[in-house]
Amino acid sequence: MAAKFELNDDSVVVVIGSGAGGGTLSNELAQKGVKVVLLEAGGRHEIEDFSNDEWGMFSQISWLDKRTTSGSWRVAKDFSGLPAWIVKAVGGSTVHWAGASLRFQEHEFRVKSAYGDIAGANLLDWPISLAEMEPYYDRAEDKMGVTGTHGIPRLPGNNNFRVLAAGAKKLGYKDFHTGNMAINSQPRDGRGACQQIGFCFQGCKSGAKWSTLYTEIPKGETTGNMEVRPSSQALQIQHNDSGKVTGVLYADKDGNQHVQKARVVAVAGNSIESPRLLLNSASAKFPDGLANSSGQVGRNYMRHMTGSVYAIFDKPVHMHRGTTMAGIIKDEAENKPERGFVGGYEMETLSLGVPFMAAFLDPGAWGRDFSSAMEGYANMAGMWLVGEDMPQEKNAITLHATEKDQYGLPVPNVHFDDHPNDIAMREHAYKQGSAVYEAVGAVQTFRTPPYPSTHNLGTNRMSGKASDGVVNKHGQTHDIANLFISDGSQFTTGAAENPTLTIVALAIRQADYIADKMGKNEI
Amino acid sequence: MAKSVMGRRAFLATTSAAGAMVLVAGGNLVIGGNGAWAMSTKALTGDEAAMLVRMARATYPHAMLDDSIYGKVIHGLDEKASADPALLRSLQEGAAALKEKKFETLDAAGQEAVLKDIEGSAPFQTVRGECVVGIYNNPDVWKVLGYEGPSAELGGYINRGFDDIDWLQDA
C-alpha cells in the first residue's frame, strides 16, 4: 500500500519530479526500504484519461506555466512563451516521450578530449565513462524493456519506417532498423504489446510504452515506502545553518503551502525547473542560489540540435499509422569532423497528425504553398533529426527580473543561441534527410525548424572538479552533501542520443549510492 | 437558422472570383455553399463576418473544403468578440481593410497579395491563429486530407494497415 508520511518526518528522501529521473529514483529507493515522498507539480492522469487527441492532450498534460525566451534560436520567435514541450503530470515527460532508448557512444562521455577546444563551447569530459555506465544501462534496458536488447525483438516497421529504410538503403547507409525502443514488442512486465496505435506523444493508450506513471511509481507505492503527492509544486529548498538541506516548501493544489522535512532532497524537475528551484532557493548563506559556488547553475543549457524533414510522395504513405518513432538511421551518429562539425546525429522516424502538422510544419506559414503541403498529408513521410549540440555558458536558465508566477516567484527565462557547430550539423542533417527521401522518389521535401525543446539538458552539470559544475559523478551537489540532482540537467554534454535511457541509468546508479551513504550515515 | 432573403441572382452576383461562395443576407447572417450552410453572428455584422470567412479561406485555401469549415472558425471568433470589445474592434478593422481593397472581387493571387501586405497586423494574426487550429483540428477536414484520427478505440493499426505501403521497390 502507498505510504503516508508526516510533514515533520525528517527521515524521508524528498524527490521533486516524477519523470524518468525522479520516478525511477523514487522506486529504486523504495525497493531498498528507503522512505520517499515524491512531490509532483502536475496531476495524476492514468491511461484511461488519455485520448488520441493532439491538442486535447497538449492542454491536459503540458507544462504551460509562464516562461520567457531570448536568444537567436528560432523557437524564441515561433513559440516565444513555450521554450520547452514537456509534461506537467505524474510520470513527467515519460507520459509523452517517444520511447527511443539509446546508449551514448564511448567518446560522448569525454568530448573535450575527443573534440579538442571548440571556440565558444564550454566543453567538459564527464567524470564517468561508458564502461562505468554499462552495468546501469543494462539494468535500465531490462527495466524498461528496450527492444533490440536482452533478447527482446525489435518492433515491426510501419509505413513511415519502410520509406525511411528504403531511402537509407538506396543511399548506401548500413545501420538502420526500428530502433531500441522502450515499447513492448511482446507482452512483458505485466504490460501488453504495441498495437501500432500511433499517438505515442499523447500518452500510450495500451501501456506498451514504458512510463514511470504505470511502472516505477505504482511499483514503488506497493512497497509501502513511497508516497506520491500530485499537484504539489516545489517552491523552495530549505537549509540549516550548517548548510545541509532540511526540507522543501511546496504549494498543494489549493495553493496552500507546506514544508516537508527531509533527510535528503533529490531534484528532478527537468532542466528548466531544476535550476530555477535552486536559484529561487537563494538565502543569506547561499546568495547565488543553492549548490551554485561554481556559478554554473542554470548554465550550459542544451536542447539537442534538432529539425525535421517531411517529404511528399506521389502515392500514399499514411505515416500516422503505428509507432511514432520506431525507425532510425545511425550512420551519421559518429564523430566525423570531416563533415564540417564535431559530434553526430541520429535520423528517427516521426509523424504528426494533421492538427500538429499544421502548427509545426512551418510555424506561422500560410497561403497556397502551405495549403498544398497539407493536402499532401496522406502521402507524407517524416523524420526527426537529433544530434549533439554544444554547451555554451551563455545559454542559460535565469530568473526573470520582473515576471512572476502564480506563487509570486520569478519565472524562468530560457536563453539559447545556436552554436556555429549546431548550425553546420543541422544543415548537413537537413541535406541528408532530404536525400533519403529523394532517393525513393519524394516530389517535395520540407525542412521543418525545431519544435519547442523536448530534450532539455545540462543546466546543473556533472563535473570532476567542484569549480567546473554543480554535481559530482553521482549527481550529488558539490556544495551540499544531502542535495542531489536526478534528471537530465546533470548531463555534462548532450551526446547525439535521446537522453531518457541515460537519465534512467543515472537514477538507478544514484539510488545505489544514496542508499549506501544513508546506510553508512554519511548523509 | 434564418431563411435566406436573397434570390439566386443576388447570390451569384456575390460569388467571388476566388471561388469563395460567401454571401450576406440581412444584418447578422452569412450564407454560403449555395445556401447549404449559414451562420448568424452576435457581434460582427454579416458583412464583416463574410469578409473574415473570405480571409480565412484565402489564408488556408483548400478548394475541397466547404465555406462551413471556415465559417465555423469565424463563428467562434464572433462568439469571443461578443465578450471582448478590443477583439471585436480589431476584427472590424480587419474586415474594413479588406473591404476597402475590394477583396471579394480579387482572384486567389490578388487575395494572397493583399493578405501579404497585412500579414503583420493583429487582425490577420488573430484570424490565422484561430484558423490553423480550427481548420486542421476539425475531423471533417481530416477526412478530406486522408488523416484517420483516433485509432485506439479501433484497436490501433496492428491489423489495419500500419505497414501496408505497396509501392516501394525494396523496403
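Values in this text are rule-based calculations from the coordinates and carry no lab data. Please read these numbers as outputs of a predicted model, since none were measured by experiment. In this analysis, Cβ positions are derived from the backbone assuming ideal geometry, glycine residues included, and neighbour counts consider all displayed protein chains.
Given the conditions (1) within 24 Å of the chain's Cα centre (by Cα); (2) part of a loop (DSSP other than H, G, I, E, B), and given that A:Ala466 satisfies all but one, which numbered condition is not satisfied?
Here A:Ala466 meets the rest and fails (1).
Any idea which of A:Arg103, A:Arg110, A:Arg139 is of a type in the set (Lys, Arg) and buried (at least 20 other Cβ atoms within 10 Å of the Cβ)?
Just one listed residue meets the conditions, A:Arg103.
Go over the candidates B:Ala152, B:Ala122, B:Ala109 one by one and state the one that is more than 22 Å from B:Gly71 (Cβ to Cβ), more than 8 Å from every other protein chain (Cβ to nearest Cβ) and among the small types (Gly, Ala, Ser).
None of the others qualify; the one that does is B:Ala109.
Restricting to helices (runs of 4 or more DSSP H) lying wholly in region B:67-171: which have 2 or more residues that are surrounded by fewer than 21 Cβ atoms within 10 Å (Cβ to Cβ) and touching a Gly at 6+ places or on another chain (Cβ under 7 Å)?
The qualifying helices (runs of 4 or more DSSP H) are B:67-81, B:139-145.
Across region A:257-306, which residue is surrounded by the fewest Cβ atoms within 10 Å (Cβ to Cβ) among those that are of a type in the set (Gly, Ala, Ser), under 24 Å from A:Glu227 (Cβ atoms) and touching a residue at least 60 places away in the same chain (Cβ under 8 Å)?
Taking the candidates together, the pick is A:Ala262.
Would you confirm whether or not region A:115-124 contains a residue that is assigned to a loop (DSSP other than H, G, I, E, B), within 14 Å of chain B (Cβ to nearest Cβ) and free of Cβ contacts under 8 Å to residues at least 24 places away in the same chain?
No: zero hits.
Check A:Gly19, A:Gly71 and return the single one that is buried (at least 23 other Cβ atoms within 10 Å of the Cβ) and either farther than 20 Å from A:Val265 by Cα or of a type outside the set (Asp, Glu) (or both).
A:Gly19
Which of the residues belonging to region B:111-132 are farther than 23 Å from A:Phe356 by Cβ, touching a residue at least 60 places away in the same chain (Cβ under 8 Å) and among the hydrophobic types (A, V, I, L, M, F, W, C)?
Once the filter is applied, which keeps residues that are farther than 23 Å from A:Phe356 by Cβ, touching a residue at least 60 places away in the same chain (Cβ under 8 Å) and among the hydrophobic types (A, V, I, L, M, F, W, C), region B:111-132 yields only B:Leu115.
Quick check, is B:Gln111 under 15 Å from the mean Cα position of the chain (by Cα) and not aliphatic (A, V, I, L, M)?
Taking the combined requirement at face value, the residue satisfies it.
Give the residues of region A:107-132 that are closer than 21 Å to A:Ala507 by Cα and out of contact with any helix residue (DSSP H, G or I) (no Cβ under 6 Å at 6 or more places or on another chain), sorted by residue number.
A:Glu108, A:Arg110, A:Pro127, A:Ile128, A:Ala131, A:Glu132
Out of the residues in region A:376-408 that are surrounded by fewer than 18 Cβ atoms within 10 Å (Cβ to Cβ) and of a type in the set (Asp, Glu), state the one that is farthest from the other protein chains (Cβ to nearest Cβ).
Here the answer is A:Glu393.
Please list, ordered by first then second residue, the pairs with beta carbon atoms under 8 Å, 6 or more apart or interchain, first in region A:316-336 and surrounded by fewer than 23 Cβ atoms within 10 Å (Cβ to Cβ), second part of a loop (DSSP other than H, G, I, E, B) and of a type in the set (Ser, Thr, Tyr).
Close Cβ pairs satisfying both conditions: A:Asp331/A:Tyr173.
Quick check: is even one residue across region A:96-112 outside any strand (DSSP E or B), free of Cβ contacts under 8 Å to residues at least 24 places away in the same chain and among the small types (Gly, Ala, Ser)?
no
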